[in-house]
């Protein structure tokens, strides 16, 4: 079994209606270097939970991209898989619903991230980076870069930005609509070690 198949199976098995909880298709978007708690939040969002269930390290991030002919790409689910975890480990893990309707995404752009200087909300942290420092609005800057990627033929636009130069911690920024994540699952192995966090069932 491949990792994406395992993610899809876990999401479907843990949905009350037995639905997958997302639209489109998952792809490996990149790797997140975590240094502390992990969060998913809109670039202009203010309500979010952070999670320390997965140890610091380099983790794989999978994004489910849905495509609209007018709007383009939008992410409908985020899956973080702890470094070294296997598809079998995901399937065999104990998954717990840990929160409901708390992670505020935003119109056009959101991010998964860990450490930021001074614990800034992600939009402020991006404004301190070289790629966003000159932009009046981090969301508008991200959208412009998403559009450029899509015009070049990408159906999975995404940015990988170092938000904490001291630790090397990064943020993966991706296109979204204005909604919240109504399901956040944390998976743990037999020893209680966190091996994944999945955000899904995005709702407007």
For region 63-99, give me the residue count where each residue is in contact with a strand residue (DSSP E or B) (Cβ under 6 Å, 6 or more places away or on another chain) and modelled with pLDDT under 90.
2
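Could you please let me know if residue 143 is surrounded by fewer than 21 Cβ atoms within 10 Å (Cβ to Cβ), in a helix (DSSP H, G or I) and within 17 Å of the chain's Cα centre (by Cα)? Don't jump to the end; show me each part of the working.
Details: surrounded by fewer than 21 Cβ atoms within 10 Å (Cβ to Cβ): yes; in a helix (DSSP H, G or I): yes; within 17 Å of the chain's Cα centre (by Cα): yes.
Judged against the criteria, residue 143 is a match.
Can you tell which of 125, 111 is within 13 Å of residue 173 (Cβ to Cβ), surrounded by 24 or more Cβ atoms within 10 Å (Cβ to Cβ) and at pLDDT below 90?
Values: 111 fails: at pLDDT below 90.
Among 125, 111, only 125 is within 13 Å of residue 173 (Cβ to Cβ), surrounded by 24 or more Cβ atoms within 10 Å (Cβ to Cβ) and at pLDDT below 90.
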Residue selected from region 172-184 under the condition at pLDDT 95 or above and not in a loop (DSSP other than H, G, I, E, B), by the criterion surrounded by the most Cβ atoms within 10 Å (Cβ to Cβ):
173
Can you say whether residue 111 is closer than 21 Å to residue 62 by Cα, outside any helix (DSSP H, G or I) and in contact with a helix residue (DSSP H, G or I) (Cβ under 7 Å, 6 or more places away or on another chain), as far as the supplied structure shows?
yes
Within region 30-62, considering residues that are modelled with pLDDT of 95 or more and in contact with a helix residue (DSSP H, G or I) (Cβ under 8 Å, 6 or more places away or on another chain), the one nearest to residue 149 (Cα to Cα)
62
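Look through region 1-33, keep the residues that are in a strand (DSSP E or B) and in contact with a strand residue (DSSP E or B) (Cβ under 6 Å, 6 or more places away or on another chain), and return whichever of them is surrounded by the fewest Cβ atoms within 10 Å (Cβ to Cβ). Spell out the reasoning first.
Here is the first cut: in region 1-33, the residues in a strand (DSSP E or B) are 25-33.
Cutting the leftovers down to in contact with a strand residue (DSSP E or B) (Cβ under 6 Å, 6 or more places away or on another chain) gives us 26, 28-33.
Values: 26: 23, 28: 14, 29: 22, 30: 17, 31: 17, 32: 25, 33: 19.
So the residue we want is 28.
The values are calculated or read from the model by the stated rules, or taken from the named source; none is laboratory data. This one's a predicted model, so the numbers in the text were calculated from it and none came from an experiment. Note: ideal-geometry Cβ built from the backbone for every residue, glycine included; neighbour counts use all protein chains shown.
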